[in-house]
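Peer 1: Just dropping this structure here.
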Amino acid sequence: MQTLVKIPSDYAIHQYFAEQTDSRLAVLRHAPSHITLIGADGDISRHLLATRYPEAVFVEYDHRADWLQAAASARKISLFAKLIGKKMIQHHQLITQKLPEASTTMLWANLALIHAHEIVPVLENWAQALKTDGLLFFSHFGADTLPEIRELLAQHGITCAAPTLVDMHDLGDMLYHHGFYDPITDTAKLVLTYQKATTFWQDMHALGLWDALQPSDPVAAHMIVDNAWQSGALHQITLETVFAHAIKKLMLPENEQLVQFYSRK
């Protein structure tokens, strides 16, 4: 279990997840030539990946125009970005909106999946965007995220559907059955301690976690949680971190099969 005591910036949690995911790239033998970023995070992910893969071409997608602008602004003041002299194309679109087919060799999504209402359609969209044997790396929140909040709400008769907060093994199965092979998932717990309720709410909305919980009575749930922070009954939350990567399967058109010929020895 790891503890993050302070939240120093708007992207502190995104930075933690991005760095953890980036550390898993050491196993790769070949550098990706085209990288698709799903979710702008203050240019954190792009900077990490561009440092590791300076020859790669990037494209960035996000449903939040202000987050895209913030990432673009961060690049303008980045000395590294100026030195390599590359501009990145950005697209303002929903995570469920179709991506260009077979257009990228790596798809990287840092805490972006949480903004979907369903996981499987997004994974299928990502699969069709990758070239065969392309790489998917992403971070997400697991089924054991926010137990303190859920237990508090349950005491008041409020349930949380949380359809996208799934067990990491279920997530691996989804990957395997929807366009990928060799899925690897791992998980840990991250405990966040807050001094102010306002900072907590900023993170919940920025991360998409409050919307992802889908409480049965959103207005009452917000009031209950807010009162708990104000009274001191709630002072920390637990996130289940999930890191996953997989490889894009060869996808054939319907009614077609792969035929292989082997030479005689």
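The values are calculated or read from the model by the stated rules, or taken from the named source; none is laboratory data. The structure presented is a predicted model; accordingly, all values stated were derived computationally and were not measured. Using ideal geometry, Cβ is built from the backbone for each residue, glycine included, and neighbour counts are taken over all protein chains shown. Accessible surface areas use protein heavy atoms only, side chains included; no ligands, DNA or RNA. Shrake-Rupley method; radii C 1.70, N 1.55, O 1.52, S 1.80 Å.
Peer 1: Per-residue HN-Hα couplings for region 103-111, Karplus 6.51 cos²θ - 1.76 cosθ + 1.60 at θ = phi - 60°, whole Hz, x for Gly and Pro?
Peer 2: Ordered by residue, 3J(HN,Hα) equals 9, 8, 9, 9, 10, 10, 10, 9, 6 Hz.
Peer 1: Go through region 186-200 residue by residue and turn each phi into a ³J(HN,Hα) via Karplus (6.51, -1.76, 1.60, θ = phi - 60°); whole Hz please, and just put x for glycine and proline.
Peer 2: Rounded to whole hertz, the list is 9, 9, 7, 10, 10, 9, 10, 10, 10, 9, 10, 5, 4, 5, 4.
Peer 1: Would you mind telling me which residue in GLN155, GLN97, GLN202 has the biggest mean-square fluctuation in a Gaussian network model of the chain, where springs connect alpha carbons within a distance under 10 angstrom?
Peer 2: Comparing GLN155, GLN97, GLN202 in a Gaussian network model of the chain, the most mobile one is GLN155.
Peer 1: Return the calculated 222 nm mean residue ellipticity for the chain, to the nearest 500 deg cm²/dmol, obtained by summing -39500 (n - 2.57) across DSSP H runs with n ≥ 4 and dividing by the residue count.
Peer 2: -11000 deg cm²/dmol
Peer 1: Multiply the residue gap between ASP167 and ALA188 by 0.36 nm, knock off their C-alpha separation, and tell me the result in nm, one decimal place.
Peer 2: 6.4 nm
Peer 1: Expressed in whole Å with the largest first, what are the equivalent ellipsoid semi-axes of region 11-248 derived from the C-alpha gyration tensor as the square root of 5 times each eigenvalue?
Peer 2: Semi-axes (√(5λ), whole Å): 32, 21, 15.
Peer 1: If I build a Gaussian network model for the chain, linking alpha-carbon pairs within less than 10 angstrom, which residue out of LEU175, LEU99, LEU37 has the largest mean-square fluctuation?
Peer 2: LEU99
Peer 1: Using only Cα atoms, figure out Rg for region 125-183 and give it as a multiple of 2.2 N^0.38 Å.
Peer 2: 1.50
Peer 1: Quick one: what are the phi-derived ³J(HN,Hα) couplings along region 134-145, Karplus 6.51/-1.76/1.60 with θ = phi - 60°, whole Hz, x for glycine and proline?
Peer 2: Going residue by residue, I get x, 10, 10, 10, 8, 10, 7, 10, x, 5, 8, 7 Hz, with x marking Gly and Pro.
Peer 1: Could you tell me which residue out of GLN93, GLY42, VAL120 lies farthest along the dipole of the chain toward its positive end? Charges go on the beta carbon: Lys and Arg +1, Asp and Glu -1, centred on the Cα centre.
Peer 2: Of the listed residues, the answer is GLY42.
Peer 1: Moving on. Of all DSSP beta bridges in region 11-248, what percent run antiparallel (nearest 5)?
Peer 2: 50
Peer 1: So, R0 is 30 Å and r is the distance between the beta-carbons of ASP144 and ALA102; what FRET efficiency does that work out to, to 0.05?
Peer 2: 0.25
Peer 1: Once you sort the root eigenvalues of the Cα gyration tensor of region 206-246 as a ≥ b ≥ c, which label holds: rounded (a/c under 1.5), prolate (a/b larger than b/c) or oblate (the other case)?
Peer 2: It is oblate, given that a/c is not under 1.5 and a/b is not larger than b/c.
Peer 1: Still on this structure, please answer the following. About the Cα centre of the chain, how large is the charge dipole given +1 on each Lys and Arg Cβ and -1 on each Asp and Glu Cβ? Please answer in debye to the nearest 20.
Peer 2: In total the dipole reaches around 1180 debye.
Peer 1: For the chain, which span is the longest to avoid every loop-located (per DSSP) member of chymotrypsin sites (Phe, Trp or Tyr not before Pro) having at most 16 other Cβ atoms inside 10 Å?
Peer 2: Free of exposed loop sites, the longest segment is 1-260.
Peer 1: Still on this model: Between ALA233, ALA197, ALA188, find the one with the highest GNM mean-square fluctuation for the chain; connect C-alpha pairs within less than 10 Å.
Peer 2: Comparing ALA233, ALA197, ALA188 in the GNM, the peak value goes to ALA233.
Peer 1: Follow-up question, since we're still on this one. For the chain, what number of Lys pairs, 8 or more residues apart or on separate chains, have alpha-carbon atoms under 20 Å from each other?
Peer 2: Going through the chain pair by pair, I get 9.
Peer 1: Give me, ordered by chain and number, the residues 5 or more places off HIS34 or on other chains with an amide H under 5 Å from its own placed amide H.
Peer 2: Amide H to amide H, under 5 Å and 5 or more residues apart or across chains, HIS34 pairs with VAL57, THR105, MET106.
Peer 1: Sorting VAL219, VAL59, VAL242 by accessible area (1.4 Å probe), largest first, what list results?
Peer 2: VAL219, VAL59, VAL242
Peer 1: Determine the shape class of region 12-121: with a ≥ b ≥ c the square roots of the Cα gyration tensor eigenvalues, call it rounded for a/c under 1.5, and otherwise prolate if a/b is greater than b/c, oblate otherwise.
Peer 2: Rounded, since a/c falls under 1.5.
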